[in-house]
Amino acid sequence: MWWDAQNLNKARVDRSGKQWHFSVWHDVVDLEHVARVFFWNDARDVTGVFIFPRSARTGVSAIRNVIQKLTSDPAFRLEHKRDLRFPLERHYSTYPSFPEEGVGG
């Protein structure tokens, strides 16, 4: 399900003035909390997703930390760069959608 509360999906601005957008997906799978942080710039020429490992903390603080790092660290963004399809809700609402998360999608 998409996490639309607590300002997690508000746009952030990096030091260069570029605006970054975020959308957070989370759920419980096999009794474990799982989460993804999708990100993109205004032009959508840089897009990606940070996939929390299954054993990782996925609370609001942990998600905000990842969003902050994605906003401020170009190398971190590059590490998690991935072509995304929009609208996200149509293409990424079902778990799993990415090969490293398991079979299916």
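Numbers at a glance
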read-out	value
Distance between modelled label sites at K81 and S55, nm, 7 Å Cα→Cβ extension	3.0
Projected label distance in nm at R90 and D42, using a 7 Å step from Cα toward the beta-carbon	2.5
Taking the chain and dividing mean pair separation by its residue count, relative contact order in percent (alpha carbons under 8 Å, at least six apart)	20
Fraction of the pair-distance distribution of region 32-82 above 13 Å, Cα-Cα pairs, percent	56
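Throughout, read-outs are computed from the coordinates displayed, never taken from laboratory work. Since the model is a prediction, treat every value here as computed from it, not as a measurement. Using ideal geometry, Cβ is built from the backbone for each residue, glycine included, and neighbour counts are taken over all protein chains shown.
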